[in-house]
Every structure is written in C-alpha cells, then in structure tokens.
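Read the structure below first, then the notes.
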Amino acid sequence: HVEKDGGYAWWKLRPGERSFTATEYPGFDVSKAKVLTAMQNCDVVLAHSQGAILVAALLACNEYPCNRYILNGVAWPNPFAKQMEHVQLQDCSVLVISGRQDRINPPEQANQVASALQKGGASTCILPHDAGHAVPWDNPQVMAEVKTWMEQ
C-alpha cells in the first residue's frame, strides 16, 4: 500500500481521478503482494471500497487464494477492464454489497462488477441496501442476509 494524506491507500491516483476512471494503479503490485500473502489462510475475505476494487482486480486476473469474497462498496477496476470482461472463475462465491445512496462508488459500478464475475463463472449474489458507502453493520436485515450467505 502507498501513503496518502497521512494514511494509506492501495494505489495512487491523480488529483480528481477515481479508481473506476483510472487507466493505471501505481503501487498496485506492492499492495497485491501484501494482500495475497494476508489472504492465504482465509475462509472469507471482506473488502471495502478501494480494497474491494483490489480484490475484484485479483479475481479478474485469476489470482484468488480463497473461494469466498464479500465486496462492499466495490467499483469497476478500470485498469483491469479487459480481464474483467473475460474472467474465468471456478469454485468462487462472491457477495456484492452496494448502497443505493453510495456517492463514492456508484451502485451501477457494483452491479457491473457482479455481472462480470457471474458471467465469468462465480456464484454471485448482489445485496443492495438503502444507505451509502459504509459497511451496513447497523442494518439488521442486511447483516442477517450476510450471515445466511456465509452459512451456505
């Protein structure tokens, strides 16, 4: 990951650029290596926002060490568009959680990711909710549906 505004990000973006409009992700390879190492012994990976975009890119590149992913607030990983359009996944299950009021990564982006992953062979479920970009921890209905998905 790379430093950003006193914190960290998975890659660098030019001012005003969004992950779903960028043509490249400077720093992606460093983040990819760290994330792949961290995911080695995971049963389920929960990724949010830029982290969910990173996981979508890993899936697109057929680099996924576990088989179950929850992508919250995901958007299209634009530098990996060709891979997303031709992704081939086996034994992979993805839950895409998307806020209808998400102003950071629009819900249409999440739907586009879910559609590509499903077309590529992943068992994909879309779980919309009425809030914005945050993980909907305080929504009992959404959390019950996440629990049900995880128990499958």
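The values are calculated or read from the model by the stated rules, or taken from the named source; none is laboratory data. On a predicted model such as this, the values are computed, not experimentally measured, just so you know. A quick note on method: Cβ atoms are made from the backbone with ideal geometry, for glycine too, and the neighbour counts reach across all protein chains shown. Keep in mind that these areas ignore ligands, DNA and RNA; they rest on the heavy atoms of the full protein, side chains included. Shrake-Rupley method; radii C 1.70, N 1.55, O 1.52, S 1.80 Å.
Between Thr21 and Glu151, the C-beta separation translates, for a Förster distance of 30 Å, into a calculated FRET efficiency of about 0.20. Ranked by solvent-accessible area (1.4 Å probe, protein heavy atoms only, all chains present), the residues Ser123, Ser49 order from largest to smallest as Ser123, Ser49.
Let me make sure I get this right: for the chain, a, b and c are the square roots of the gyration tensor eigenvalues over alpha carbons, sorted descending. Under 1.5 in a/c it's rounded, otherwise prolate if a/b > b/c, else oblate. Which is it?
Numbers: a/c = 1.43, a/b = 1.18, b/c = 1.21.
Rounded.
Taking 7 Å steps out from each Cα toward its Cβ at Cys61 and Asp138 produces label points 3.7 nm apart. A crude spin-label estimate for the pair Ser115 and Asp43, with each label 7 Å from Cα along the Cβ direction, gives 3.4 nm. Here Lys119 is the anchor, and the lysines within straight C-alpha reach of less than 18 Å, apart from those fewer than 8 places off in the same chain, are Lys82.
Remark on Arg68: its backbone amide H falls under 5 Å from those of Val45, Ser93, a criterion applied only to residues 5 or more positions apart or on other chains, H modelled at 1.01 Å from N. Accessible surface calculations at 1.4 Å, restricted to protein heavy atoms, place the chain at 53 Å² per residue. Counting only protein heavy atoms and using a 1.4 Å probe, the accessible area of Thr37 comes to about 100 Å².
Percent of accessible area on region 1-117 owned by carbon and sulfur, 1.4 Å probe?
On the way: 2740 of 5750 Å².
The C+S portion of the solvent-accessible surface of region 1-117 is 48 percent.
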